[in-house]
Amino acid sequence: MSDESFSAVCTLVTGRTLEQAKGMHIGKTEEEYRKAVDKAFLSPEVLSKLSLNEGDEVMLKTRCGKVRVRVYADAGLPEDVVFVPMGPTANALVGSDTEGSGMPSFKGLQVEVVRS
Amino acid sequence: MTVERNVVCTFCGCLCDDINLTIEDDRIVKVEKACGNGRGLFEGYNPDPIMPKVMGRDTTFQEAVKEASRILRSARYPLIYGLSSTSSEAQRMTVQLAELIGASIDSTSSVCHGPTGLAMQAVGEPTCTLGEIKNRADLLVFWGCNPLVTHSRHFARYSAMPKGRFIPEGRRDRKVVVVDVRRSETAKSADMYLQIKQGCDFEVLLALKALIMGRTLDAVEVGGIPAEVLQQLAVEMKSCRYGVIFFGMGLTMTNGRDLNVRGVLSLVRELNDHTRFSALPMRGHGNVTGADQVMSWLCGYPFAVNYSRGYPRYGPGEYTAVDLLCSGEADCMLVIASDPAAHFPAPAVKHMETIPVIAIDPAESLTAAGASVYFPTAMYGIDCEGTAYRMDGVALRLKAPLKRKRPSDEEVLQALIEGVKSC
């Protein structure tokens, strides 16, 4: 992290959303599904710190991968958490290590949010 | 036009069995009582026959069986995965196929409540039915789960809202507590919300257990929660008549995994010295509980089983699907009623793209779209009968309100068993 006004280091949490479920029923090859999962949520405070508006594009980077997504505000999130709906976009950030359990780290990886 | 009453919805582990469907010309034209997800399941379903595909091209059922059997028979390390959105009868047949070809077999449990299974094997399962909760529970703790989004009718039918035999006033007689990193939709409707720091569940559960045991905390906060708030929750837990902890992926997908769930189960065991308390995992897929049950009867283990030596061996972290794909060991994959291409980490999906994949699914999922062989099948609980297990382990019989025009999962699996034997 070089410049705090351009990036923030947070923790990645992936999970279900109503929009993602709705898109899934329409079909995972359809545009609605892609729109529902190609996004990330940040606290309004982090959006403000990075001078981001809702709908702006950012790069999310973990040690396992990086993706470009549009960001939206979620006032229910703590400042150090980025929420990404479960799906192919979130999965590009998740690694292969299951710590001997079979379960990858869908929640808890360090993620850097970089303003484009 | 006919109306089929009390149909079971198989979208999630709630298995709501009070859905009314209006049927006209072999299509569901009206869905009553279901949540948004349930409506999506029934309204979007088209039962019309679809041709199987081999390498993306339409083919006959016999040709698809022949090619799939050849792939399975020639594989040196086949992986069978999925099972959670099909009937227990099909699950049983899948285990039979795994044993026949010496495959590893794993269900979606491994990327949902697999760590819960590990914790239950270590601590035990302090469980109960949703009926008991409806009639008796006066304290509900939702930990790392968001049922208002994932299990939309859970509150209304089973937990927070219903009036029960010993809960005459319904919601007014119950206290709802939510522990979560996010102030989720469920957290907003709770009486008490504890915003926990990401990755601190184990510490908080341990601190709560200490408080229940009468110890004092030498800390002002644990995991972002003030000590006095934890003390208040400990008092609520000890003084309730019947408490339940519902827990979800917030515990199993994060640092600690099975240790977090061991924390829940140990806490509940401790609470039973003071009052009646249970713990219940919020199971996602409609019959993922059935997958655990059937695998346990037949293999002795709920998931992550390997048959390469002719007898079942258990190995979470070794025989689990993500590990077998990321290590590059699996050289073919049979996917039944699930979509790992959409839900597995990128390295696992990348390996799937390099090996032959056989998909059995009513919908053309991302996995089915990229499969070498794809069998479109009937949907359990819509045009195919069967058995499914609710999240509390109660088995329900599924009706088939629509006439079946496609093969069932069982029929495809039976054909594959015969095909592999004759290869």
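Every read-out reported here was derived from the displayed coordinates using simple, explicitly stated rules and does not represent laboratory data. Predicted, not measured: the structure shown is a model, and the values here were computed from it. Cβ placement follows ideal geometry from the backbone for every residue including glycine, while neighbour counts extend to all protein chains displayed.
Odds and ends about this structure:
- B:Glu221 sits among other residues whose Cβ lies under 12 Å from its own Cβ, and their net charge, with Lys and Arg +1 and Asp and Glu -1, is -2.
- Pairwise label distance in nanometres, B:Asp218 with B:Glu329, each label 7 Å out on the Cα-Cβ vector: 4.4
- For peptide B:176-188, the mean count of partner chain Cβ atoms within 10 Å of a residue's Cβ comes to 3.
- Against chain B, whose longest principal axis comes from its Cα atoms, helix B:409-422 is set at around 50 degrees.
- Estimated distance in nm for a label pair at B:Glu169 and B:Val229, the labels positioned 7 Å out from Cα along Cα-to-Cβ: 2.6
- If you count Lys pairs in the range B:114-281 whose Cα atoms are under 14 Å apart, skipping same-chain pairs closer than 8 places in sequence, the total is 6.
- All Cα-Cα separations within chain B were binned at 20 Å from zero, giving a P(r) of 26, 53, 20, 1, each value a whole percent of the pairs.
- Under Stokes-Einstein, with the Kirkwood radius over Cα pairs as Rh, the value for the range B:236-284 at 20 °C and 1.002 mPa s is 190 µm²/s.
- Taking all Cα-Cα distances within the range A:7-115, those exceeding 24 Å account for 21%.
- Compared with the dominant Cα axis of chain B, that is its longest principal axis, helix B:88-101 is turned about 60°.
- Quarter of Cα convex hull surface for the range B:114-281, i.e. mean projection, nm²: 8.6
- Axis angle, to the nearest 10 degrees, between helix B:258-271 and the longest C-alpha principal axis of chain B: 40 degrees.
- FRET efficiency estimate (nearest 0.05) - Cβ-Cβ, B:Thr127 to B:Arg70, R0 51 angstrom: 0.70
- Taking the DSSP bridge list for the protein assembly as shown and keeping only pairs wholly inside it, about 45 percent are antiparallel.
- Quotient of Cα Rg and 2.2 N^0.38 Å for the protein assembly as shown, N being how many residues it contains: 0.96
- For the segment A:77-86, counting C-beta atoms of other chains within 10 Å of every residue's C-beta and taking the mean gives 3.
- Taking amide H positions as modeled 1.01 Å from N, with prolines and chain starts lacking one, no residue 5 or more places away or on another chain lies under 5 Å from B:Thr10.
- Placing unit charges on the Cβ atoms of the charged side chains and taking the dipole of the protein assembly as shown about its Cα centre, the candidate lying farthest along the positive direction among B:Leu271, A:Thr89, B:Gly114 is B:Leu271.
- At an R0 of 56 angstrom, the distance between the Cβ atoms of B:Glu385 and A:Met59 translates into a FRET efficiency of 0.70.
- Peptides ranked, highest mean first, by Cβ atoms within 10 Å: ranges B:54-67, B:105-118: B:105-118, B:54-67
- Mean ellipticity per residue at 222 nm, deg cm²/dmol - from DSSP H runs of n ≥ 4 across the protein assembly as shown, formula -39500 (n - 2.57): -9000 deg cm²/dmol
- Sites B:Tyr77 and B:Met51 - FRET efficiency at Förster radius 22 Å, r taken between beta-carbons, to 0.05: 0.15
- Projecting the Cα atoms of B:Ala75, B:Pro226, B:Ser408 onto the charge dipole of the protein assembly as shown, computed from C-beta unit charges around the Cα centre, puts B:Ser408 farthest toward the positive end.
- Neighbouring Cβ atoms from other chains, within 10 Å of the Cβ of residues in B:247-257, number 5 on average.
- For the range B:81-130 and the range B:333-406, distance of Cα centres in Å: 15
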